1. I need the full set of residues from segment 86-106 which are modelled with pLDDT of 95 or more and of a type in the set (Val, Ile, Thr), in order please.
2. Check whether at least one residue in segment 66-81 is within 30 Å of Thr38 (Cβ to Cβ), at pLDDT 95 or above and assigned to a helix (DSSP H, G or I), and report yes or no.
3. Please go through segment 90-123 and pick out each residue that is exposed (fewer than 12 other Cβ atoms within 10 Å of the Cβ) and more than 25 Å from Val79 (Cβ to Cβ).
4. Against the condition outside any helix (DSSP H, G or I) and either under 26 Å from the mean Cα position of the chain (by Cα) or of a type outside the set (A, V, I, L, M) (or both), how does Gly112 come out, does it pass?
Amino acid sequence: MTTTTAEQITTAEQITTAEQITAEKRAPEKTVTEKIVTERTGARTEEAAGVISGARERIDALDDRIIGLVQERMAVSAVIQQARIESGGRRVNLSREMEILAHYSDALGKPGTALAMTLLELCRGRV
């Protein structure tokens, strides 16, 4: 039967601590800025974090343009609806909406249909 002495436990702890200190010396400590950049982007390297940050800025700019275009589409749709109502027609033209759904579906697949439905809902605002 083997017994573990306090001296053996202390020695094992010292070896583990020494190994950790050696490993920490080998791996350079990241700067605060590096930690923030990689944590914010989910990247593991500064280079990848830079690529991701740049691409995200581009996406943000594209999103701003898309929002502006959707708002413009809503305004044009309101003009069409008003003209249709004033001429005695209905506010919504279902055959036209089917064309729009088909157009988005052909271009983007099933998610395109969902996007078109959202756009149509936004543009059906009350006149």
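1. Across segment 86-106, the qualifying residue is only Ile100.
2. To start, the set of residues in segment 66-81 that are within 30 Å of Thr38 (Cβ to Cβ) comprises 66-67.
In the following step, the residues that additionally are at pLDDT 95 or above were identified as 66-67.
Among the residues that remain, those that are also assigned to a helix (DSSP H, G or I) are: 66-67.
Yes, that holds for at least one residue.
3. If the condition is that a residue be exposed (fewer than 12 other Cβ atoms within 10 Å of the Cβ) and more than 25 Å from Val79 (Cβ to Cβ), then Asp106, Gly109, Lys110, Pro111 are the ones that fit.
4. no
The values are calculated or read from the model by the stated rules, or taken from the named source; none is laboratory data. Fair warning: this is a prediction, and the values are worked out from it, not measured in the lab. Cβ sites come from the backbone with ideal geometry, for glycine too, and all protein chains shown count toward neighbours.
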